[in-house]
Amino acid sequence: MRIFVFLGIALIAVSFFSGQAQAQSQNQGWRHQPYLVDGIFFETLSAMDGKASFVCAGYYPPADPIQLEGDGITQPYTIELRFSGNQVISEGQGGEWYLRRDIAIVSGGKGFRVPEFMYNEMIGEWQAILPFSDPLILEILNNGGFRAQNQTTVLARFPDTGLALGLASVLRACDAHWGRLGHRIPQGQVGFINALRAGIAPPVVSQHAPVPQPEGAVMRALVSEANRVCQSRALIGPHTILQSDFDGDGRRDLVLDWSGVSCQSGPMSSLYGGGQCGASQCSKLVFISSRVAKGLPAIDFLGQGVVLDPAKPSDLLVGIGLSDCHYQGLEPTCLLRWRWNGTDFAIAPR
């Protein structure tokens, strides 16, 4: 669930729209199951074996959301990846048995660590929430099938038959519901949603623009750090760098969102965000001019997107995971506000 800074979107048509992906059998493949009764809606793409699904859900007023009976309302422009019972994921260890943070999804030869699967006892499913334009979703739209695994074991494999086509259909249906309900498209997902609405899918990240020419000490520090992490030249998207004046000294401070960075060569070039991203969260480096002048390093946040508040230039809003969002009562935005206090960022009072 990031408000992702999703950049350089290009629209391409892919082979699954030829209809070849529609063939299914009783024992494999995927099926889109729409549901709309008494103002309650579900859009579900289910694996034929019942082990996995992609789900969005919500309601039209004046329907009573209590009718969802533990299934829960998904946040606009996010979709849940669910695994049934213990058929794929088993309970975690210790006190947090209901959380698993060691699960990766592999599709198209690329692995994506999912920050968190949470067990929903009401419906007996493991759930992870992903933005529409999450790199994992894009990879599945491009390549179809996937497998779930932990650090040592492949837990389950899911076929590509009908998956890309079905997932695109579900995303469009969810978008239609949220559009009718008046929800705005999150920052960073406009190009993706427009492509879905146009019937062209999936949009993919185009080749990132070359790194901008260093300008000023803060920009030089940012470029230098990006190149260091990449172990090669860093390719930075044109809108990946955000600007503010957190410390109020009249000089610009910069935020680098690794979701828009790739590495030109070397061991980090095959990793999303130069290895600084999981399935739903990427590192955000904040370069404060007063700290750069003292030779101090950037401040690192891990989150699901980052937003600036023009009315409060000292503030940085970072997207957080579902469990933390619920615990801190930050629904529906799931944005945690941090404020510069003169030496560091601290959580702003509410």
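Of the residues G95, G124, the single one that is on the phi > 0 side of the Ramachandran plot and not hydrophobic (A, V, I, L, M, F, W, C) is G124. Among the residues of region 151-210, those that are at pLDDT 75 or above, assigned to a loop (DSSP other than H, G, I, E, B) and closer than 26 Å to L36 by Cα comprise T161, G162, L181, G182, H183, R184, I185, P186, Q189.
Each row is one residue, and each column tells you yes or no for (1) of a type in the set (K, R); (2) touching a helix residue (DSSP H, G or I) at 6+ places or on another chain (Cβ under 7 Å); (3) under 23 Å from P76 (Cβ atoms).
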position	(1), (2), (3)
E139	no, no, yes
G144	no, yes, no
N150	no, no, no
R157	yes, no, no
V170	no, no, yes
C174	no, no, yes
H183	no, no, yes
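Return the residues of region 248-301 that are acidic (D, E) and touching a Phe, Trp or Tyr at 6+ places or on another chain (Cβ under 6 Å); say none if nothing qualifies.
Initial filter on region 248-301 (acidic (D, E)): 249, 253, 257, 300.
Residue satisfying the conditions is D253 alone.
In region 99-134, of all residues being within 23 Å of Q189 (Cα to Cα) and of a type in the set (S, T, Y), the one that is surrounded by the most Cβ atoms within 10 Å (Cβ to Cβ) corresponds to S133.
For region 243-281, the set of residues classified as more than 19 Å from S232 (Cβ to Cβ) and hydrophobic (A, V, I, L, M, F, W, C) consists of F246, L254, V255, A279, listed by residue number. Within region 121-170, if we keep just the residues that are in contact with an Asp or Glu (Cβ under 8 Å, 6 or more places away or on another chain) and among the small types (G, A, S), the residue that is nearest to E43 (Cα to Cα) turns out to be A128. Of the strands (runs of 3 or more DSSP E) lying entirely inside region 249-350, those carrying at least 1 residues that are at pLDDT 85 or above are 253-257, 261-263, 282-287, 299-303, 315-319, 335-340, 345-347. Does L155 meet the test of being under 22 Å from M48 (Cα atoms) and crowded, with 21+ Cβ neighbours inside 10 Å? Spelling it out, it is not the case that L155 is under 22 Å from M48 (Cα atoms) and crowded, with 21+ Cβ neighbours inside 10 Å. Filtering F345, F287, F301 for residues that are in contact (Cβ under 8 Å) with a residue 12 or more places away in the chain, farther than 23 Å from R113 by Cβ, touching a Lys or Arg at 6+ places or on another chain (Cβ under 9 Å) and among the aromatic types (F, W, Y) leaves a single hit, F345.
If you go through region 97-126 and keep only what is closer than 17 Å to K51 by Cβ and assigned to a loop (DSSP other than H, G, I, E, B), you end up with I103, V114, I123, G124.
Run down V37, V14, V88 and say which single residue is more than 18 Å from the chain's Cα centre (by Cα), at pLDDT below 70 and not polar (S, T, N, Q). Steps first, please.
Numbers: V37 fails: at pLDDT below 70; V88 fails: at pLDDT below 70.
When all the criteria are applied, what remains is V14.
The values are calculated or read from the model by the stated rules, or taken from the named source; none is laboratory data. Nothing here was measured: the structure is a model prediction, and the numbers come from that model. Backbone-built Cβ (ideal geometry, glycine too); neighbour counts: all protein chains shown.
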